[in-house]
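Since the structure comes first, as structure tokens, the remarks are kept for the end.
The values are calculated or read from the model by the stated rules, or taken from the named source; none is laboratory data. None of these values were measured; they are calculated from a predicted model. Positions of Cβ are generated from backbone atoms using ideal geometry, with glycine treated the same way; all protein chains shown enter the neighbour counts.
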Amino acid sequence: MARKPPNARSNLTKVAARAGAQGYEQRRAERAWRGWYKTKRWTRIRADQLEREPWCWRCLEAGIRTWATVCNHTIPHRGDPVRFWTGPFDSLCKHHHDSDQQRAELEADRRF
Ligand SMILES: [Zn+2]
């Protein structure tokens, strides 16, 4: 005779869904700053920085001149609006930004 499966599973699913939704909201708040990169204000800050320091300073250290394309936050801003908008900034090529800075930021996130 077939019995109805216990309800435990669907309860667990609900709890997991709720936890997932909370995590999502949290992540969304933490990542709101990603949208700041799309603003005119940021475009101007970036252009100013790349005009002031057109070369990737990490490449310069290695004796190579590479046009910088990334206005990098010298100190990871981690969503802090003051740090995000006022810097300090430095100029990096995409390669150095993606390899060095992303790793530093990920490590900082994990420590958080
Ligand atoms: Zn570089």
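Just one of the listed residues (T13, T39, T43) is modelled with pLDDT under 95 and away from the ligand (no atom under 12 Å from the Cβ), namely T13.
Checked against the criterion of being at positive phi and either within 10 Å of the ligand (Cβ to nearest atom) or at pLDDT below 95 (or both), the candidates R65, R103, R78, R110 yield just one match: R78. Residue count for the range 49-98 under the criterion of being without any contact (Cβ under 8 Å) to a residue 40 or more places away in the chain, touching a Lys or Arg at 6+ places or on another chain (Cβ under 9 Å) and of a type in the set (S, T, Y): the result is 2.
Return the residues of the range 44-63 that are over 9 Å from S91 (Cβ atoms) and touching a helix residue (DSSP H, G or I) at 6+ places or on another chain (Cβ under 9 Å); say none if nothing qualifies.
I45, R46, R58, C59
All told, I75 meets the bar of being of a type in the set (A, V, I, L, M) and either under 17 Å from the mean Cα position of the chain (by Cα) or part of a helix (DSSP H, G or I) (or both).
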